[in-house]
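The values are calculated or read from the model by the stated rules, or taken from the named source; none is laboratory data. Worth saying up front: this structure is predicted, and the values here are computed from it rather than measured. Heads up, the Cβs are rebuilt from the backbone with ideal geometry, glycines too, and the neighbour counts pull from every protein chain shown. Accessible surface areas use protein heavy atoms only, side chains included; no ligands, DNA or RNA. Shrake-Rupley method; radii C 1.70, N 1.55, O 1.52, S 1.80 Å.
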Amino acid sequence: MKYLVDTHAHTIASTHAYSTVHDYIAVAKEKGLRLFAITDHGPDMADAPHFWHFVNLRVLPRIIDGVGILRGIEANIKNDAGDIDYFGDYLQELDIVLAGFHEPVFPPADKQAHTRAMINTIESGNVDIITHPGNPAYPIDITAVAVAAARSHVALEINNSSFKMSRKGSEANCVAIAKAVRDAGGLLVMGSDSHVAFSLGEFSQALAIIEEAEFPCDRLLNRSPEALLSFLAKRGHKTVDDFAEL
Ligand SMILES: [Zn+2]
Ligand SMILES: [Zn+2]
């Protein structure tokens with residue numbers, strides 16, 4: 001099975017990323033992707049776009065050359081309370097909200113603090129997907145997080161970049177996460193976390209983890225545009241009629 005949906009990509013709006021929307025569309029077409037999300041870093045990161053970047057995502061066409069674009073953010077988990085750096089009515093306007101720990105905003109603390117912050121984020125109702133929960137810089141109580149995510153209908157990400165460029169040593173944590181989510185009845189999603197368009201839709205390492213954990217494909221949100229879109233609708237996002245043709 002080929003996975004043609006990617007929930008995690010950064011554009012040049014985050015200045016440590018190197019591709020434009022046009023670059024992503026070109027790669028998406030070449031690879032036959034059907035739907036992907038633009039998820040630049042939340043405004044609290046030093047090299048993130050301004051708050052207005054996210055407000056103005058509405059100018060993006062819904063579908064370009066047959067490829068659907070979701071308007072998203074990879075927000076920062078800011079504190080123990082699970083607050084993120086995007087809020088209020090603006091959240092409702094986005095199609096997809098990711099959030100995760102990033103060192104400049106939430107310096108690594110201890111396992112208890114990471115677990116509490118992540119579960120509070122999950123339970124806040126503001127976030128659809130937790131990014132790179134397997135990051136070894138932020139140890140968590142994996143079972144507790146998986147159970148909380150399943151209960152709140154929040155997906156945990158298996159981040160393909162974690163096995164290549166960043167977050168070295170994520171493999172064992174990610175296998176444990178996949179197994180815990182499997183047992184808790186929860187949802188997983190694979191994200192390429194592209195910082196350049198070439199890696200859009202690249203999931204080979206993440207897939208190996210998912211297979212190793214014998215995670216059921218019917219709870220993997222990348223399996224089809226419909227699967228991801230119905231998850232987002234259930235989480236309270238507006239349905240986009242244009243996506244019906246995907
Ligand atoms: Zn991230
Ligand atoms: Zn990212």
**Q.** Options T131, T143: the member that is more than 16 Å from ligand 1 (Cβ to nearest atom) and either out of contact with any helix residue (DSSP H, G or I) (no Cβ under 9 Å at 6 or more places or on another chain) or at pLDDT 95 or above (or both)
**A.** T143
Q: Would you mind finding the one in L187, L200 that is under 24 Å from K29 (Cβ atoms) and either within 17 Å of the chain's Cα centre (by Cα) or among the basic types (K, R) (or both)?
A: L200
Q | Subset of region 17-36 [open to solvent by 20 Å² or more (accessible area, probe 1.4 Å) and within 18 Å of the chain's Cα centre (by Cα)] | A | V21, R34
**Q.** Counted residues, region 81-109 - those being within 18 Å of G134 (Cα to Cα), touching a helix residue (DSSP H, G or I) at 6+ places or on another chain (Cβ under 6 Å) and either open to solvent by 10 Å² or more (accessible area, probe 1.4 Å) or away from ligand 2 (no atom under 14 Å from the Cβ) (or both)
**A.** 1
Q.
When you check V154 against the structure, is it open to solvent by less than 40 Å² (accessible area, probe 1.4 Å), more than 25 Å from I38 (Cα to Cα) and either touching a residue at least 12 places away in the same chain (Cβ under 8 Å) or not hydroxyl-bearing (S, T, Y) (or both), yes or no?
A. no
**Q.** Where a residue in region 167-193 is under 29 Å from D40 (Cβ atoms) and open to solvent by 20 Å² or more (accessible area, probe 1.4 Å) and its partner, wherever it lies, is within 16 Å of ligand 2 (Cβ to nearest atom) and aliphatic (A, V, I, L, M), with Cβ under 6 Å and at least six apart
**A.** L187/A155
Q | Residues within region 201-242 that are hydrophobic (A, V, I, L, M, F, W, C), surrounded by 23 or more Cβ atoms within 10 Å (Cβ to Cβ) and within 16 Å of ligand 2 (Cβ to nearest atom), tallied | A | 1
Q: Only helices (runs of 4 or more DSSP H) wholly contained in region 126-238 count here; list those with 2 or more residues that are hydroxyl-bearing (S, T, Y).
A: 142-152
Q.
Can you tell me which of (1) among the hydrophobic types (A, V, I, L, M, F, W, C); (2) out of contact with any strand residue (DSSP E or B) (no Cβ under 6 Å at 6 or more places or on another chain); (3) more than 30 Å from H16 (Cα to Cα) is the one V181 doesn't meet?
A. (2)
Q.
For region 148-168, give me each residue that is out of contact with any strand residue (DSSP E or B) (no Cβ under 8 Å at 6 or more places or on another chain) and either more than 16 Å from ligand 1 (Cβ to nearest atom) or acidic (D, E) (or both).
A. A148, R151, S152
Q: Considering every residue within region 37-47, establish whether at least one is open to solvent by less than 10 Å² (accessible area, probe 1.4 Å), within 14 Å of ligand 2 (Cβ to nearest atom) and over 21 Å from M118 (Cα atoms).
A: yes
